[in-house]
Each structure stands twice: as structure tokens, then as C-alpha cells.
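The values are calculated or read from the model by the stated rules, or taken from the named source; none is laboratory data. Worth saying up front: this structure is predicted, and the values here are computed from it rather than measured. Because the Cβ atoms are built from the backbone with ideal geometry, glycine has one as well, and the counts that use them run over all protein chains shown. The area values use the complete protein model at the heavy-atom level, side chains included, leaving out ligands, DNA and RNA. Shrake-Rupley method; radii C 1.70, N 1.55, O 1.52, S 1.80 Å.
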Amino acid sequence: MARNRRFQRLTIFTTLLAFGCGDPGVPESSAPVPLDELTLGAWAPPLMLTNDRFLPSSRAQAPRHVFSGTLALAGAEIRTDPAELDERRVMGRDTKRFPDVSLGFVSDGSDLVPWDRNLIVAGTRTETGSYWDVLVGPGTVWSEPGEDWSRGGFPLQLASSVENETYNGVATFAFNDREVSGVRFQTVTQGRPYFLVQRRLMWGQLAAEYAPDPAPPGVVEEFAAEKARRLPLRPISDLRPLVGDSVFDAMHAGMNPENVVTAAFLVGDTLYAADCPTPFGELPFCREQRFGIWSVTKSTGNTVAALRLAQRYGREILDERVADHLNVTAEHDGWDDVRFRDVLNMATGVGEGSTRTEPNNTGDGYLIGYDDWYTAISRDERIRQVFRASNHPWGPGEVVRYRDQDAFLIGAAMDAYLKHRAGPQADLWRMLEEEVYRPIGVPHAPTNRLIEADGSLSLPQMSQGYYPTVDDLAKIARLLQDGGANEGEQLLHRELTAEVLYRTDARGITFGRPVETGPPSYYLALWHQNYVGEGGCIVDLTRMSGWGGHRVVLFPNGIVGIRISKVTGSEGSPVDGLAAVADRLEPFCP
């Protein structure tokens, strides 16, 4: 998504000077957060720490206690760098306040397993108070020599149900059979924001109360099964000797390396993943961290949902009319003949901007009226905002004009269609979780949903909002590469899956200026561009793309490339460097 806002850059150099291991005011980095600091309860630590201070030391031992219950965290003001924020309050909510939130965990050996892996909507449900909602992932428990307490550490992400960037970090606490210490946290990297234009670091220590309680049935067993189904993991550096130094070092060419959060390649069934570097050392629990991927949700959500519905009910679902499933309140007839496929293709014929189509700019009119729609967080109001758009002189299916509003709308229309076919209890995102994601080894799929006046969660947003791990993204992309089949079961419509990957003669709508290798195109919420392989042939690169430079690229040789990033301003996130690595591993050209 293109945002015309000025970004202020955080000076990493001064941060490293302030918090680096060489500062005499910072304890040795191998020592965990001091126990006497944790047991202070709530307080405002003056400094951030290196990330390894939140993890077991080299002398760590097994935990002395078993943890099972909830941590009730008391909201408090967050320390930030920069200390003064240009926009402290957004939509009436305080971006410098951690929310009141309860987190359930159970320990199993050295694992600390969360009870709830969904987005915990703590701040967005309130009209005042904290801006933040919370995600947590599996962590670890241990004890340190000479201490009577046990310790826990886990990945922590702050996010918002309105936005889809994450502020990724780590938290730690001490516990015994009856009580817990304060919970120390810090966020050390982030995605690209929209409303919160300043990059920021956040940290603090929260008061916590421990309510011992048995874990919900199946939590430990399900986590064991989840670990068993994870992709085999190897460091991305293992690819260097296979592709050569020059190709390997250029995989992110054209980008500021500080804006690459992490990257990975899925080769066969092995995930070659990079570390998650931050100014404070590698991001702890990198494999467990979830990232807000913005418009990649359009592909992992809408594309996959359409392919699943086609598998269940036939590919004719793409010819369903939006007006037959949603209450169209537009003051024109532009929506009368708009089909599901037109909305997935960003070719409704409805929108804002100019009427110039030669060459066509897909972002023409993109931000006109955008924030009124974006901040409408109830179902009916957000749908009404979509239908306020004007009618273009061309009809549906002719011109690509990229609109988040349409991506949301097709999610709402498909949800209504599913309810019509399967009953009012049916839910589009739950269908994805139960019928697609879990069978391929993605047991948790947190996403943003709209919030009604009574605080209930309603429609998944679908234009953005999904929070996957890198492992999750690789598995979803692999399902598409495998033609929508998993372990012998056809989960997605075979012919349509082939179409969206340009493995048939079907093609999407082209846009932009003419280029020698052929124009880019857009088809059923996937981007396509031509690429000249090392052997001289021209091949199609199918990609999912998200605000901030997130890229998931499906290469013609079956390899998947993933980049999580936070590019700013006019900086791009080109995929040529990723393609060159994949081409070297298994040549595109015969």
C-alpha cells in the first residue's frame, strides 16, 4: 500500500551507544535481568537491554516450578524512544500505554505454551485507554543458579486491530508456586506503520498477578503436534555456497539492509531462514514471532478462501454478483454487474481518481476517502464506506485500480455467500483455519476482525490483518505451489489454482507502461511480473505483496522466497535478487 506520509528515522547509532554492551552502566549481556529488578513489580526501567538478557544464561538449569495459570498484567505507561511522540493518541487511544490484559500459559518441560494464540483485543475494544492489542507465542522456562524462583520468557508483539504492523519483542518474568514477579518487556523491531509514522522502541515493566489454574484441555498435546509438523529449519547462509557470494549478497539489492526484518527460502520441504537482527541483538524466538503482513493478507486470505470455496461449491462462485450477497447502498448502478472475480481482480469499475488508463496507474485514487473507511471498525459502517465510491466510465473487469476497500468487500461477500450455503454460524476465516490452514500444519491464524459496538468481533478484515510466522507463510505458499493439494487431499480448486499461478493460458489484467519483457498483471489477488532467467528465458514470478515491502514469491521451479521488511518512503522491495537465488538453486530455463 502506498502512503504519502513523512517518516522520521530512529537513529540506530545513538541507540547502540546508549544500550550497547560496552556501556559501563549496562550489566554484562550474558546475565539475565536481575531478579531484584523483576521483583520490584511495576516500574519504569531507564534503559533497554540486549535481547539475551531476557533468555536463559549459559548456566541456566531446569525450572524449579511448574507454571499453569494466568498472568493478569496491569496497564501502565510505556517508555519509548523517541520519548516524545508526534502522535501519541490515535483514534482517541494512548499509544504510550500498555493495556490491561490477561495471558494464560502452561509450562511443559522447558516450553512455555500460551493458551491463546489469537490477537488478544485489549486496547481496540476501548474508546479511550491503550491503543494496543497483544500477541504472544511459545517461549521457555528455566531457573538460574542460586535463585529460589523459576523464570519464563516469551515472544511478545504489540499490534492494533485497526492497523497490521507488529512491534516485535520479548518479555520475561520470575515465578514460584504462588506468585509472579513483574513482567519486563521490550519491542525491538517493527513493521511499517500507517498512522504511527514515527518508528519507535518501547519498553517497561508491568505489575502482574498470578492465578494458578489448569490449562485448557489439549493445549500441551496440540503444541507437541505443532512442533512435530514444523518445516525442517536450516540457516539461510547454507545457501551461500550453492548460489555463490555475489548472488547471495545481492538478494536484497536496492534496499536499505536495516529495513529487512528477516528472509527465508523454502526449498523442497526445508526452510532456509535468516536470523531476525535488531539493534539489541537477534530477536528472541524468531521462529515463533508473528509479523503483520498487511496486503499479503489479500493473497493468503482472499485468494485461498476463493479457491477453497470453489473446491467446495464449484468455480462458478467467481461469477456470483456482489449485489446478490451484500446490501449495496451506492447512489449509482456501478455495482449491478460486479462479480466476485472482478473484485478479486481489483477491476470493479468503481473507485476514485482520474479516468486516465493509458498507461494505467493501479494506485490512481487510492487514498481518496481512505481514512474514513479505514477507521470504520464495525461491519455495516465499513461496508457503507466502500459503497460511497464513485462510478468510473468503464465497466467491471476492464481496468485494475488497487483498493483495500475492495479486498475487504470481497471478504464480506464471500462470508455472506458461505453463510448462505452453510448456515448463519459459518465464518469465512474459521473455514480457512479449519479446512485449509490446520491441515497443512498452520494451527493458529490470528487476524484482525471488525469490532461491533457491544465489543463483539465480527468480520475478518481480509484487506490486511493476518499475523503469520515465516513458517506459516512458507506452508501456505507451498500449498499453492503443490496445486492446492496436501497429503493427497485436494484442498483448493485444482484448475483455478493452476490459473492463479499462470500455469494455464488464463491471464490477469495488465497495467503500467510497456516494458520489453511484457507488462505486469494482477489476477485473483496475486501480482505477476516477467523475469529473465539466467539462461535467457522469460518466466512469470507470482508474488504476494504487502505494505512495507513484504514479499512472498512463488518461483516457477517450486521454490518460495519470503521477505519481511519495513521499507519507508519511496524505497522499494524488488524481488529480482530473491529470484536470482532461486534461479541458481534450480535453473528457471531448460
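Observations on the model:
- ³J(HN,Hα), Karplus 6.51/-1.76/1.60, whole Hz, each residue of region 54-66, x for Gly, Pro: 9, 10, x, 6, 5, 9, 5, 10, 4, x, 8, 9, 9
- Radius ratio Rg over Rh of region 61-194, counting only Cα atoms, Kirkwood formula for Rh: 1.00
- Converting phi to 3J(HN,Hα) with the Karplus coefficients 6.51, -1.76 and 1.60 and the offset θ = phi - 60°, region 419-424 yields 4, 4, 8, 10, x, x Hz in sequence order, with x at every glycine or proline.
- Label-to-label distance, nm, for residues given as Arg503 and Asp177 (7 Å Cα→Cβ offset): 5.8 nm
- Prolate/oblate/rounded call for region 158-268, Cα gyration tensor, a/c under 1.5 rounded: oblate
- Potential lengthening of the chain between Ile538 and Arg230 amounts to 107.5 nm, from the contour at 0.36 nm per residue minus the alpha-carbon distance.
- Peptide ranges 60-71, 461-472 listed from the most packed, as the mean C-beta count within 10 angstrom indicates: 461-472, 60-71
- Proximal aspartates and glutamates to Lys566, defined as alpha-carbon separation beneath 15 angstrom and excluding residues fewer than eight positions away on the same chain: Glu163, Glu165, Glu258
- Computed over region 118-201: relative contact order in percent, which uses C-alpha pairs under 8 Å that are six or more apart: 20 percent
- Inter-label distance for Arg384 and Thr357, nm, one decimal - labels placed 7 Å from Cα along Cα-to-Cβ: 3.2 nm
- Residues listed by number, region 126-146, amide nitrogen under 19 Å from Leu35 label point at 7 Å toward C-beta: 140-146
- √(5λ) per eigenvalue of the Cα gyration tensor, region 213-258, largest first, Å: 40, 15, 6
- Integer Hz, Karplus 6.51/-1.76/1.60 couplings in order for region 550-559, x for Gly and Pro: 5, 9, 10, 10, 9, 7, x, 8, x, 6
- Principal axes of the chain: Cα extent on each, largest first, Å: 72, 57, 48
- Column: log10 I(q)/I(0), Debye, Cα scatterers of region 512-590, q = 0.21, 0.25 Å⁻¹: -1.01, -1.28
- Region 450-489: C-alpha gyration tensor shape, a/c 1.5 cut-off, then a/b vs b/c: prolate
- Segment Asp245-Ala42, length gained on full extension (0.36 nm per residue, minus Cα span): 68.2 nm
- Around Thr39: net Lys/Arg minus Asp/Glu count, Cβ-Cβ under 12 Å: -3
- By the rule of a C-alpha distance below 19 Å, with chain neighbours fewer than 8 residues away ignored, the lysines paired with Lys227 are Lys475.
- Kirkwood's formula applied to the C-alpha pairs of region 337-418 gives a hydrodynamic radius of 12.9 angstrom.
- Neighbour net charge for Ser246 - beta-carbon separation under 14 angstrom, K R +1, D E -1: -3
- Cα-projected label distance for Cys589 with Asp86, points at 7 Å along beta-carbon direction, nm: 4.6 nm
- Relative contact order (percent, whole number), the chain, Cα cutoff 8 Å, 6+ residue spacing: 15 percent
- Sum of side-chain charges, Trp149 neighbourhood, beta-carbon under 13 Å (Lys, Arg +1; Asp, Glu -1): -4
- Solvent-accessible area, 1.4 Å probe, carbon plus sulfur percent, for region 154-215: 46 percent
- Burial ranking of peptide ranges 252-260, 544-552 (average Cβ count within 10 Å, highest at the top): 544-552, 252-260
- Region 392-472: proportion of alpha-carbon pairs further apart than 18 angstrom, %: 53 percent
- What the Kirkwood sum gives for region 335-385 is a hydrodynamic radius of 12.6 Å, with every pair of different alpha carbons counted.
- Sequence-distant residues sharing a close amide H with Leu201 (under 5 Å, placed H): Asp81
- Accessible area per residue for the chain, computed on protein heavy atoms with a 1.4 Å probe, is 38 Å².
- When the convex hull of its Cα atoms is projected in every direction, mean area for region 105-184 (nm²): 6.1 nm²
- Residues of region 491-522 with amide N under 20 Å of a point placed 7 Å along Cα→Cβ from Asn530: 499-522
- Normalised contact order of region 82-226, rounded percent, pairs of Cα under 8 Å and 6 or more residues apart: 18 percent
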